2 protein chains.
Amino acid sequence: MLGAIEAGGTKFVCAVGDEKGTIIDRIQIPTTVPEETIPKVIEFFKQYSIKAIGVGSFGPIDVIKESPAYGFITSTPKPGWRDFPFVNKLQEAFSVPIGFNTDVNAAALGEAKFGAAKGLDSCLYITVGTGIGAGAIVQGKLLQGLSHPEMGHILVRRHPNDEYQGKCPYHHDCLEGLAAGPAIEARWGTKGDQLVDRLEVWDLEGYYLAQALMQFILILSPKKIILGGGVMKQQQVFTSLNRYLKEFLNEYVSLPELTDYIVSPGLGDNAGITGALMLAYQAFQEEFIH
Amino acid sequence: MLGAIEAGGTKFVCAVGDEKGTIIDRIQIPTTVPEETIPKVIEFFKQYSIKAIGVGSFGPIDVIKESPAYGFITSTPKPGWRDFPFVNKLQEAFSVPIGFNTDVNAAALGEAKFGAAKGLDSCLYITVGTGIGAGAIVQGKLLQGLSHPEMGHILVRRHPNDEYQGKCPYHHDCLEGLAAGPAIEARWGTKGDQLVDRLEVWDLEGYYLAQALMQFILILSPKKIILGGGVMKQQQVFTSLNRYLKEFLNEYVSLPELTDYIVSPGLGDNAGITGALMLAYQAFQEEFIH
């Protein structure tokens, strides 16, 4: 049995399952402060005999194994979670291998193993919700360098008619600052799910996401692009972003049919937790092999 | 003995050397048409007993081994070279393994093995010259997905005082359209090497390159960034781009000291040809192992 945690800013999803991605039991725990949330996580897993735990966490986190802060949530603004030693706390309770990565990297892994990118050695998973983040599989492995990517904060060109100043505390009008859920709400004065019939809302959203996808395609050349998160439940965004992407790229690179290439998660809302299960399996295998 | 070709739009550099990157002999051949250039390439290599050839080529090229057009230069505007079966032509003359990749990927490989990124499993090599292109090493391997990257064509935000419309035939004012050598010449009315004392020229160049580096860092998180090509011989561009990059990133990600992180090629103008030697060595090893 493997344990999986999808640690989000609002809730933790915990699950037990197997290396085939089958989920046997799961719970949700509100993300309050570590002193409250983590004991409940431990209590859930203590019911089972688990061989490894995989964590897909909100960030930024330290994923570099050689780093002194490996396994920590680092500079998050979320009260109580800054410099939280996530992996250490789990290892105090369970002496099993722990896999630790970002929530979006976990989702990318889940989709590459069992979802929309099944069978491919390359994909990009993007979530557009409270924030914007992305994880990538490159030649079969999670993309990592100096640290994990922070793709949500890339620069986009402002639409000439968009006067909203942007919501990112670091960059104002970066992608996340202009196109995440809170930016939609702040710009139009009401939440996205109340704006379903306002075509201009989703047209503008597509305009910004298409720019982001253009950069991702030119830099990473992913074999499949998967867009998840609350905002992407508005299917009309796909139509708008495909149209703008075609216009922006202007046939410079040859791509598969966009409706096959840019898709919703094959695992729906289970991409992240399934990927966390895969992180557990990878951690187990690494311990077993080395 | 290994053979290496750095195939550029103006000249071919051909060299023979060894797997340690030592170059034993080299020549330059003007890039005219394949019927003229390629026989001279073959003549050069025929003097030696070579075990493999590595090619770093101008593009776009087809690097996907499963593709029917693998080993071709594909949709280049350069007369005579469109749909040129580069690998096939070499294999007709030499029955040895051929490594084939982009010029910038070859340079990235050269720098990762013997240059400024020696010992690192991750780096980004960018050339800023007649065009802008980049190659990346990710977890020890050349980044490749659906195809090779085309990073020179990413979108940047236009400087509010820059009225030059841009030179890219596909995207007008993408990075290459605004910041490659021909754009500098077209905007200021004279070649870059005549503009050394014009501070505003290099300040603007840094403004565009800093945006590109911001995107590359947030998406790829490379461990070292190497900037080569004719335009980067103006060392003042580094000063300007570091200043803008600091401003744009606004400490959102933690990076090494920028003067150590963003550097000139350790191999100087030999990055590409040295990397092509490494492509030859890899092709030889693959043939030998499999």
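Out of A:97, A:85, A:60, A:77, I need the residue that is open to solvent by 50 Å² or more (accessible area, probe 1.4 Å), out of contact with any Leu (no Cβ under 7 Å at 6 or more places or on another chain) and assigned by TED's automatic domain parsing to the domain that holds residue A:29. Which one?
On the way: A:97 fails: open to solvent by 50 Å² or more (accessible area, probe 1.4 Å); A:85 fails: open to solvent by 50 Å² or more (accessible area, probe 1.4 Å); A:60 fails: open to solvent by 50 Å² or more (accessible area, probe 1.4 Å).
Matching residue, one of A:97, A:85, A:60, A:77: A:77.
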query: Among the residues of segment A:247-264, is any open to solvent by 50 Å² or more (accessible area, probe 1.4 Å), out of contact with any Pro (no Cβ under 8 Å at 6 or more places or on another chain), within 30 Å of residue A:204 (Cβ to Cβ) and among the small types (Gly, Ala, Ser)?
result: yes
query: Yes or no: residue B:206 among the small types (Gly, Ala, Ser), out of contact with any strand residue (DSSP E or B) (no Cβ under 8 Å at 6 or more places or on another chain) and free of Cβ contacts under 8 Å to residues at least 24 places away in the same chain?
result: no
- prompt: Can you name the condition, by its number, that residue B:139 falls short on among (1) away from chain A (no Cβ under 12 Å); (2) surrounded by fewer than 16 Cβ atoms within 10 Å (Cβ to Cβ); (3) of a type in the set (S, T, N, Q); (4) within 30 Å of residue B:113 (Cα to Cα)?
  reply: (1)
Subset of segment B:108-152 (residues that are closer than 15 Å to residue B:282 by Cβ, assigned to a helix (DSSP H, G or I) and touching a Phe, Trp or Tyr at 6+ places or on another chain (Cβ under 6 Å)): B:108
statement: Residue pairs qualifying under the 6 Å Cβ cut-off, at least six apart or on distinct chains, with the first in segment A:220-237 being assigned by TED's automatic domain parsing to the domain that holds residue A:208 and under 13 Å from residue A:123 (Cα atoms) and the second being part of a loop (DSSP other than H, G, I, E, B) and of a type in the set (S, T, N, Q), are A:221/B:147; A:222/A:122; A:223/A:122
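The values are calculated or read from the model by the stated rules, or taken from the named source; none is laboratory data. Since the structure is predicted, the reported quantities are computational estimates derived from the model, not experimental observations. Glycine also receives a Cβ, built like all others from the backbone with ideal geometry; neighbour counts cover every protein chain displayed. For accessibility, only protein heavy atoms count, side chains too; no ligands or nucleic acids. Shrake-Rupley method; radii C 1.70, N 1.55, O 1.52, S 1.80 Å.
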